[in-house]
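Below is one structure, written out as structure tokens; comments come after it.
The values are calculated or read from the model by the stated rules, or taken from the named source; none is laboratory data. Computed from a predicted model, the values in this text were never measured in an experiment. Neighbour counts run over all protein chains shown; Cβ positions are idealised from the backbone, glycine included.
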Amino acid sequence: MLPEPADLLIAEDNPDDLELTLRALKKNKVVNNIQTVKDGAEALDYLFYRGRFSNRQAAQMPKVIFLDLKLPKVDGIEVLRQIKTNERTRAIPVVMLTSSQLEQDVIESYRLGVNSYIVKPVDFSKFAESITQIGLYWLSLNQSRR
């Protein structure tokens, strides 16, 4: 069975953060078609039609990617690098959604072309509000090239 086309790709290895993100997006009806992956290798497989995603529809790319920085297998910086150096994926907005506040992570992410760098709030209500605002902006307000 082919995976549904996704408006949003979320690459997040922490199941609690993923659940909070999904709950905030669905509660506020921000987006319906969400694809989740648990590591950087799966994110790249999804974007470049490899592995279990080799049969997905080639024309359908996500409108935005929420990318955790500290992912297993392939870290978020390398995923970002591959997204932004590929002609087909370069224009997809990428939001780095991470707990890292290290200046070097912020600088490197922007150097590679991240569209936004958001540090995850610890408080649940602030986290949920941040996710809702980010989702609304990138999926509703932002004008994509489609």
Check your understanding: What number of residues within the range 21-51 are without any contact (Cβ under 8 Å) to a residue 40 or more places away in the chain, on the phi < 0 side of the Ramachandran plot and of a type in the set (K, R)?
Key -> 3
Check your understanding: Is it true that V106 is within 24 Å of L136 (Cβ to Cβ) and in contact with a helix residue (DSSP H, G or I) (Cβ under 9 Å, 6 or more places away or on another chain)?
Key -> no
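In the range 19-46, which residue that is of a type in the set (V, I, T) and within 19 Å of S130 (Cα to Cα) is modelled with the highest pLDDT?
Pass one, the range 19-46, residues of a type in the set (V, I, T): 21, 30-31, 34, 36-37.
Pick out the ones that are also within 19 Å of S130 (Cα to Cα) and you get 21, 30-31, 34, 36.
Values: T21: 89, V30: 76, V31: 71, I34: 91, T36: 96.
Here the residue is T36.
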Check your understanding: Counting only residues that are polar (S, T, N, Q) and buried (at least 20 other Cβ atoms within 10 Å of the Cβ), which one in the range 14-54 is nearest to I92 (Cα to Cα)?
Key -> Q35
Revision key, fill the gap. Reported set for the range 97-123 where residues are among the hydrophobic types (A, V, I, L, M, F, W, C), surrounded by 12 or more Cβ atoms within 10 Å (Cβ to Cβ) and not in a loop (DSSP other than H, G, I, E, B) is L97, V106, L112, I118, V119
Check your understanding: Identify, please: which residue in the range 57-74 is surrounded by fewer than 17 Cβ atoms within 10 Å (Cβ to Cβ) and in contact (Cβ under 8 Å) with a residue 12 or more places away in the chain and is, among those, nearest to I134 (Cα to Cα)?
Key -> K70
